Structures are given as C-alpha cells and as structure tokens.
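The values are calculated or read from the model by the stated rules, or taken from the named source; none is laboratory data. Quick caveat: nothing in here was measured; it's all calculated off a predicted structure. Quick reminder, even Gly has a Cβ in these numbers, built from the backbone with ideal geometry, and neighbours come from all protein chains shown.
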Amino acid sequence: MHQQTNILCEPIYINATGVIEYTLTSDLLFHYVMQKSKRALIGLVCSLKGISPSLVKDILVLNPIELNGALKETVMDLMLLLNNGEIINIELQMYTDKFWIPRSVLYLCRAYDCLNEGEDYSLLKPTTHFCITNQAFFPEYPEFYSHYLLLNTKNHHPYTKNFGINVLQLNQIELATDEDISSGLVYWAKLFNATTWEEFKSLAQENEATKEVGNLMYTINSDTQAKAILEGQRRYREQMASQYAAGLIDAAEKYEHVIQEKDDTIAEQKSTINEQASTIELLKAELAKYKEKH
C-alpha cells in the first residue's frame, strides 16, 4: 500500500461522540493510520527525535500493511527510513510482555543489520528503536521519555550514538520536561490516551495532521470488516495477557509453597535444636552434680 499525502482534512468525524472503540493504542490501527498520513508520521517522528519537521524531506514505511486479514502473527512494529538514511523502528507495547526488553534489543539489532554480504561497514545507518507504552518496564525509575545507549559503565561515555532505544511512557505525562512539551511529545501522548471523540476533537482543533489521523480512525471504526480484524487482534492480545497473568499466579503459588516448605523445615530444625539444647543443659547439670560428689 502506498502512502497518501493528500488526505481530506475536513473532519468527517465532527459529529462523532462517545467512546472511541479502537484508538491509536491499537498497534494495527496505529500502523495503518501512520502509513496513510505522511504528515502525521513525520510529526510523530520529529517529536520523538526532538527535531524540526523541516529537516525531514521524506519518510518511507518499509513494512506497509493491509487491513484485509488476521495479522496477529505479523510483526506490528513500524519500520521507517528517513531521507538522511536513518532507520527508525516504532513499537506500541500496550500489554504485559516479560520478554519486551530482550525482544526490543533484538528488533533494534535486526534493523541495524542492513548490510548485504560483502558490503562496507561505512554503509551502516544510525538506528533507533522507539517504544510507546503504558507499561512500567522499570517502576523504580519512573520517567516520561527515556533514552538508552551503549555506555561505558564507569564514566557513562557512549560507545556510539548511532544505536539506541527510546521509551515514551504514556502514563507518566506528569513527569514530562519542558523539552518534552515543546517537542510535541506531550501532545502526542494525549492523542494516544484519548478514549473519546470529544477528547480527540479538542486536541485536533488546529492541527491538520491530527485531522487526517481522526479521519482515518473514524473510517476504520466505521468499517465492519476492519473492526472485525481489530477485535480479533484485541482478543488475541487479551488471551496472551491472560496466559501471562495465569503463569505469574502459578509461579507465585509455587513460590509460596516452596517458602512454606522451607519455613516448616526451619521450624523443625529449630525444634530439634531446642530439644538438643535442653538435653545438653541437663547433661551439664548432671555433670556438675557428679563433680561435686567426687
């Protein structure tokens, strides 16, 4: 599917009200909308990178999708190529996945490895994996927008700035910096978090790119076939999350059982020690009496 750059910007969703059934947090809808609205895609990328849209002359979706089949096994990351040769991976992570960290590193490495056999290493392109999430990967270090690089563990000097992972936490807007606000990241976070048409329309009032996004979202939310695909994907995600939660419960129950067994063993050992200590005290008393007599 080719990107469309001249999408009608009149808000066809103007009379829509109430809950948005499928929002930008649906990775399938997000992927499809962004590949169709180049203006919105460039706006998001520039906010994530903290650069001016004037620096991006073009952007190419390397893995476009079609809404014509169940895509639950398709990698839904949005892989992009900027006009300067930079590779960008954008991933939505809206469900619990205990393997997200190793998986995100793997995706980053795959994107960075863009060389064919025999090609010069100078052809390697700067690559960044952007994750947009409502999950707390590091709850002990809450942050709205995090940047991760390969660093020297002593002086924190980066090994390279051409290979990194950035994480946008949609549920940590209150921790946004002035830079996050001025770059537009807070605005985008609010768009992702918008669950009603009233919220969305309020955000889209003066933004033509957002109007394009709204038109596409409304079209998809009004299409029976597209909704069936999105619903299938949502159920698949819920099933995965349920299985993961069940696994955690089983692991917790096994852990509690092991702890209880250890507690019981320790209690038995303490009882034995106490009995042995009492026996020793009795023997000491008898020995003392024996010495007094002799």
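Of the conditions (1) acidic (Asp, Glu); (2) part of a loop (DSSP other than H, G, I, E, B); (3) surrounded by 12 or more Cβ atoms within 10 Å (Cβ to Cβ), Glu117 satisfies every one except a single condition; which number is it? Failed condition: (3).
In the stretch 166-191, the residues that are among the acidic types (Asp, Glu) reach residues that are assigned to a helix (DSSP H, G or I) with C-beta atoms within less than 7 angstrom, at least six apart or across chains, in these pairs: Asp180/Val186. No other residue among Lys161, Lys125 is touching a strand residue (DSSP E or B) at 6+ places or on another chain (Cβ under 9 Å), of a type in the set (D, E, K, R) and assigned to a strand (DSSP E or B) apart from Lys161. Of the residues making up the stretch 187-212, those that are hydrophobic (A, V, I, L, M, F, W, C) and either touching a His at 6+ places or on another chain (Cβ under 9 Å) or part of a loop (DSSP other than H, G, I, E, B) (or both) number 1.
Check the stretch 146-164 and report whether any residue there is touching a helix residue (DSSP H, G or I) at 6+ places or on another chain (Cβ under 8 Å), farther than 28 Å from Thr17 by Cβ and in contact (Cβ under 8 Å) with a residue 60 or more places away in the chain. No, that holds for no residue. Summed over the stretch 85-140, the residues that are farther than 29 Å from Asn171 by Cα and free of Cβ contacts under 8 Å to residues at least 24 places away in the same chain give a count of 10.
For every residue, the table says whether it meets (1) within 30 Å of Asp223 (Cα to Cα); (2) surrounded by fewer than 17 Cβ atoms within 10 Å (Cβ to Cβ); (3) modelled with pLDDT under 90; (4) more than 17 Å from the chain's Cα centre (by Cα).
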| site | (1), (2), (3), (4) |
| --- | --- |
| Val75 | yes, yes, yes, no |
| Leu80 | yes, no, no, yes |
| Gln93 | yes, no, no, no |
| Leu106 | no, yes, no, no |
| Tyr112 | no, no, no, yes |
| Tyr121 | no, yes, no, yes |
| Pro126 | no, yes, no, yes |
| His129 | no, no, no, no |
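Picking from residues in the stretch 191-212 that are farther than 18 Å from Gly18 by Cβ and out of contact with any Lys or Arg (no Cβ under 8 Å at 6 or more places or on another chain), the one that is surrounded by the fewest Cβ atoms within 10 Å (Cβ to Cβ) is Glu206. Scanning the stretch 136-168 for residues that are farther than 20 Å from Lys98 by Cα and among the β-branched types (Val, Ile, Thr) gives Thr153, Thr160.
Out of all the residues in the stretch 137-158, which are surrounded by 13 or more Cβ atoms within 10 Å (Cβ to Cβ), in a loop (DSSP other than H, G, I, E, B) and either under 11 Å from the mean Cα position of the chain (by Cα) or of a type in the set (S, T, N, Q) (or both)? Residue satisfying the conditions is Phe137 alone. Listed conditions (1) surrounded by fewer than 21 Cβ atoms within 10 Å (Cβ to Cβ); (2) over 27 Å from Gln239 (Cβ atoms); (3) free of Cβ contacts under 8 Å to residues at least 60 places away in the same chain are all met by Leu41, apart from (1).
Residues checked against (1) modelled with pLDDT under 95; (2) charged (D, E, K, R); (3) in contact with a strand residue (DSSP E or B) (Cβ under 9 Å, 6 or more places away or on another chain):
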position: Thr177; (1), (2), (3): no, no, yes
position: Ser182; (1), (2), (3): no, no, no
position: Trp188; (1), (2), (3): no, no, yes
position: Leu191; (1), (2), (3): no, no, no
position: Glu199; (1), (2), (3): no, yes, no
position: Ser202; (1), (2), (3): no, no, no
position: Gly214; (1), (2), (3): no, no, no
